[in-house]
Every structure is written in structure tokens, then in C-alpha cells.
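Note sheet for the following structure.
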Amino acid sequence: MTTTLLIRDDVTESNSRAGLRCALRGEWTKFWSVRSAGWSVFALALVTYGLCYLSTNALRSQARIDDPIMRVLVGFNFGQFVMGVLGVLFLSSEYSTGQIRSTVAAMPRPGIVLGAKAIVVGGVGLALGEVLSFSTYFLGRFILSGHASQISISQPGILRVLIESGIDLAIVGLIGLGIASIVRSSAASLSIFTSVMLVLTVVLFAMPGVIVHDMSRYLPANISSTIFASTTPSQLQGTPLFSPLIGLLIIALYAVVLLAVGGWMMTRRDT
């Protein structure tokens, strides 16, 4: 009896690992087989480098500014939306086309499917974010060489900005995926993501000062603004903010909660 139980436990554990490995292979292939994924990555790189060139080149005719790295990484504000949209469409498109039925039939454990999608989106977002942040830094450094606002990775806060900016892109992609796992609809998910990342900030700053003072530090847009800069951005001066690291942990918590709720709903809804 003991031997039988041990064998069953080993088989169950092996099947679980095999299921995740198979799901990862399938989701990785599925991600790159979608034409929009490749074009979105290309557009993200093009806009990030293009805005870096325009923004830093404009500094050459100005006096020294306090935080040139924020100007170098200005394209990351656009990159957040690209990664968020990729995260949303990676799952919501399956619901809109009905492909989710084939996905669940092949892997009848929605939690593993969502976990595999999260690993793919997070991994692609992290790799892409780190490559873009460091390569954009070198481009900006080359443009600003010899200028009063030149940057160096040895300056306080620069390395932190480069590392955390890449992580931020990955987390925002996971937030988009988490929203899609709950809402399912592409249009509704994209509307909610855009509202959380942009509209909510505008609405909040139209509220009474007490609400702005208490809630602004929790907004993903404000948190990301502190991550993309080595000093407090001028538009947020006087606003209570978390440190960049604490802010990064908070938006990571947002992603974890959304994915947990989405996984629970998918398990109840799609099985």
C-alpha cells in the first residue's frame, strides 16, 4: 500500500511538471506566432530609441538639467502601454476567437495555462525591458557625451533606474494579463487597463486635495514616474510618494492579486 501511494504521488508530481512544461512550450510558440507581437516589439524599440534621440538631442542646446536619465528613458512611458496591450491580447484574443476552448481542452487546468502565459509575458517583458533600458542608456550617453548633462552609470541612482525600468515593463504586462483573465473581453480589458494607467491619474487630481494627498502614491502611473527617474519628477514635487523600490513592490502586488483572482475565476468558469 505504501509503495502504491508513493508511485501515485510521483506520477502526479511528474504530470504536474510535464503539464507546465508543455503549457510553456505551447504558450511561447503561440506568443510569437501572433503577428502583432513581433510588430509591437519592433514598434516599442523604434519609439523608445526615437524618443531617446529626440529628447536627449534637445538637451544639447540647453543648460544642465538635474535628471537627464528621465529624458533618456522617456520612451518607456509609451512602452508601458505596449506591454500592457500585449498582456491583454495574449489572453483576451483567445476568448474573442473561441480558441480558449482548444487551449483548455489540451490543458484542462486553467491555472497552469494562466501561469504559463504569465511566465511568457513576464519573461519577454523583463528581457525586452532590460535590453531596451541599457541600450537606450548607451544611446543617450553617446548623444550627451561632452555635454553638461552627460550621464554615467556610476552616478547615483542611474543603475537603479535602468534595472527597475526593465522590471516595470514586465510587471505592467502582467497587470494587463491579469485584467484580461478576469474580464475576458479585449475591448473592456484594454479600456480598464488604459483607465488604470492614465485616466485614473487625471480623475484623481481633479478630486479634493485630501484625496490626492492620500491616494496619489498608489497610482501605477505615479509609481512608474519615480522608477524612470533618479530624482523626484518636477510634476510630482510636493506629492507624497513611495521610494522607487517600494513602489515597484506595490505594482508587483497589483499584478499578483489580479492574476490570482483571474486564475480563480478561470478555474471556476472555464472547466
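Things to note:
- Rolling a 1.4 Å probe over the heavy atoms of the protein chains gives the chain an accessible area of 50 Å² per residue.
- The fraction of accessible area contributed by carbon and sulfur in the chain is 68 percent, rounded to a whole number (1.4 Å probe; ligands and nucleic acids excluded).
- 14 Å cut-off, amide nitrogen to a point 7 angstrom out along Thr29 Cα→Cβ, residues in segment 73-108: 103, 106-107
- The phi torsions of segment 102-108, fed into the Karplus equation with coefficients 6.51, -1.76 and 1.60 and a -60° offset, translate into couplings of 5, 5, 6, 5, 6, 9, x Hz, rounded to whole numbers, with Gly and Pro shown as x.
- 3J(HN,Hα) couplings calculated from phi for segment 30-47 with the Karplus curve 6.51 cos²θ - 1.76 cosθ + 1.60 (θ = phi - 60°) are, in sequence order, 5, 4, 7, 7, 7, 4, 5, 5, x, 5, 5, 5, 4, 5, 4, 5, 4, 5 Hz; Gly and Pro show x.
- Full extension of the segment from Ala106 to Ala43, taken as 0.36 nm per residue of separation minus the current Cα-Cα distance, would add 19.4 nm.
- Residues Cys22, Cys52, ordered by accessible area of protein heavy atoms at a 1.4 angstrom probe radius and largest first, appear as Cys22, Cys52.
- Residue by residue, segment 222-234 carries 3J(HN,Hα) couplings of 5, 4, 5, 4, 6, 5, 7, 9, 8, 10, 5, x, 4 Hz when phi is fed to the Karplus relation 6.51 cos²θ - 1.76 cosθ + 1.60 (θ = phi - 60°); x denotes Gly or Pro.
- Cα Rg over Rh - segment 83-149, Kirkwood: 1.29
- Choice from Ile223, Ile175, Ile153 with maximal GNM fluctuation in the chain (Cα, 10 Å cutoff): Ile153
- On full extension, the segment bounded by Ser185 and Trp264 gains 26.7 nm, given 0.36 nm per residue less the C-alpha separation.
- FRET efficiency, Phe134 to Leu236 (Cβ-Cβ, R0 30 Å, nearest 0.05): 0.75
- Within the chain, helix-based [θ] at 222 nm, where runs of 4 or more DSSP H residues each add -39,500 (n - 2.57), nearest 500: -25500 deg cm²/dmol
The values are calculated or read from the model by the stated rules, or taken from the named source; none is laboratory data. What you are looking at is a predicted structure, and each value in this text was computed from that prediction instead of being measured. Neighbour counts run over all protein chains shown; Cβ positions are idealised from the backbone, glycine included. Surface areas here come from the heavy atoms of the whole protein model, side chains and all, with no ligands, DNA or RNA. Shrake-Rupley method; radii C 1.70, N 1.55, O 1.52, S 1.80 Å.
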